[in-house]
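Chemist: Dumping the structure here so I can ask a few things about it.
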């Protein structure tokens with residue numbers, strides 16, 4: 001029995017090796033904006049929330065000191081990525097042309113959908129809205 005139903009999407013958290021590099025890549029190449037960046041020194045991590053359309057969609061976790069023990073949910077520097085992240089775009093052809101100029105190589109590309117990997121190796125899917 002389902003007690004509560006999901007109301008909306010909040011975000012996806014991704015552990016990364018190059019925190020500044022991945023945040024900058026998503027801002028520069030996909031036009032996401034940084035909502036908030038902060039450090040949790042007790043846990044030894046940096047956290048960035050990026051947003052699209054005024055909603056937080058991605059949370060990147062980077063390690064200040066990968067050797068430091070983490071308090072709370074287990075996070076390890078070598079545990080990176082998820083299956084994929086998907087975004088709706090208004091003009092998939094224009095978005096893909098821009099990404100190709102930035103050096104992105106696509107593993108799938110149709111008029112409805114494009115798939116590629118970000119610099120962290122996470123699969124990104126773009127879909128026509």
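All of the numbers you see were taken from the coordinates with simple rules; none came from a lab. Just so it is clear, the model here is predicted, and its values are computed rather than measured. Backbone-built Cβ (ideal geometry, glycine too); neighbour counts: all protein chains shown.
Chemist: How far is the Cα center of the stretch 92-129 from the Cα center of the stretch 18-34, in Å?
Modeler: Centre-to-centre distance over Cα atoms comes out at 15 Å.
Chemist: Let me ask something additional. Report the full-extension gain for the segment residue 51 to residue 18: residue separation times 0.36 nm, less the Cα-Cα distance, to one decimal in nm.
Modeler: Details: separation 33, 0.36 × 33 = 11.88 nm, distance 1.90 nm.
Extra length available between residue 51 and residue 18 comes to 10.0 nm.
Chemist: Still on this structure, please answer the following. Modelling each spin label as a point 7 Å along the Cα-to-Cβ direction, I'd like the residue 91/residue 107 distance in nm, to one decimal.
Modeler: In this crude spin-label approximation the distance works out to 2.8 nm.
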